[in-house]
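Student: One structure, pasted below without further comment.
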Amino acid sequence: MSREKKVAFIKENIALRDGEPVWITSGGRGRGKWTAGTAVSFYKTTCPNGCERWRLTRQGLHIYKSWIVYVAAFGELPATVDHKNGDTLDDSLSNLRPATKKQQAQNREFKAGRQGVTRRKGCHSRPWMVRITIDGKRRVVGYFATAEEASAAYWDAAKKHYGDFARRTA
């Protein structure tokens, strides 16, 4: 379903009480029924990228809790809603901020090794290379003697280019 339908559903049916979503209308039928004044119940789901999120399904709409909290508080849905601390299950309003898809890519979780750091084979004096992606293009930050120096250089470059969306992952 379209984002507009989801935003309209949230605005018509849900408000925040003490930071938590509650129903302001009654509706639905059968298992999908809801009652005004009660807390909205969510279930945990796994996103295509592997993260866990809280989600609500009503009237054929699948809506993330972070979207509901953001729309109920600000009345609109940005391109994406980012979790500042990286915990996608923490949907408190203080942890949510608007973001672009580009900003989301800048602070994604990096699972293997040190982010942006690779070891060059056959290079003995400065075997660690640091690269960072800026505006869709990979740029070499530099070459370093130790993995720790390289990781620190990546972190400095990430803070410079990504600002608040830089995330230290290793």
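Here, each number is a calculation from the coordinates, and none is a lab measurement. Since the structure is predicted, the reported quantities are computational estimates derived from the model, not experimental observations. Methodologically, a virtual Cβ is constructed for each residue, glycine included, from the backbone with ideal geometry; neighbour enumeration extends over all protein chains shown.
Student: Pick the calculated P(r) over Cα pairs in 10 Å bins from 0, in percent for this structure from [x] 9, 31, 25, 16, 11, 5, 1; [y] 10, 35, 35, 17, 3, 0; [z] 8, 19, 21, 20, 17, 12, 4?
Tutor: Answer label, from the structure shown: [x].
Student: What dipole magnitude, in Debye to the nearest 20, does the chain give about its Cα centre under +1 on Lys/Arg Cβ and -1 on Asp/Glu Cβ?
Tutor: On the way: 32 positive and 16 negative charges, 155 e Å.
Magnitude of the dipole: close to 740 debye.
Student: Classify the range 3-99 from the C-alpha gyration tensor, please: rounded if a/c falls under 1.5, else prolate or oblate depending on whether a/b exceeds b/c.
Tutor: Details: a/c = 1.67, a/b = 1.41, b/c = 1.19.
It comes out prolate by the Cα gyration axes.
Student: Nearest 10 degrees is fine. How inclined is helix 147-162 to the longest principal axis of the chain, computing both from alpha carbons?
Tutor: Approximately 50 degrees, to the nearest ten.
Student: Picking from PRO127, SER66, SER151, whose Cα lies most toward the positive end of the charge dipole for the chain (charges on Cβ: Lys, Arg +1; Asp, Glu -1)?
Tutor: The residue sitting most towards the positive pole is PRO127.
Student: Another one. Shape of the range 106-165 from its Cα gyration tensor (a ≥ b ≥ c, root eigenvalues): rounded if a/c is under 1.5, otherwise prolate when a/b > b/c, or oblate? Can you show the working numbers first?
Tutor: On the way: a/c = 1.93, a/b = 1.81, b/c = 1.07.
Verdict is prolate for the range 106-165.
Student: Tell me, what is the FRET efficiency for LYS137 and THR100 to the nearest 0.05, using R0 = 22 angstrom and their Cβ-Cβ distance as r? Display every interim value, and only then the final one.
Tutor: On the way: r = 17 Å, r/R0 = 0.77.
For LYS137 and THR100, the calculated efficiency is 0.85.
Student: Quick one: 3J(HN,Hα) in Hz for the range 118-128, Karplus 6.51/-1.76/1.60 with θ = phi - 60°, rounded, Gly and Pro as x.
Tutor: 10, 9, 8, 6, x, 10, 9, 6, 9, x, 9
Student: Using the charge dipole of the range 1-140 (Lys, Arg: +1 at Cβ; Asp, Glu: -1 at Cβ; taken about the Cα centre), state which of VAL140, ALA36, THR25 has its Cα farthest towards the positive end.
Tutor: Checked the options; the winner is VAL140.
Student: Return the subset of LYS5/LYS33; LYS5/LYS44; LYS5/LYS84; LYS5/LYS137; LYS11/LYS84 for which the Cα-Cα distance in this structure is over 30 Å, preserving the input order.
Tutor: Working: LYS5/LYS33 19 Å; LYS5/LYS44 22 Å; LYS5/LYS84 26 Å; LYS5/LYS137 36 Å; LYS11/LYS84 24 Å.
In this structure, LYS5/LYS137 exceed 30 Å between Cα atoms.
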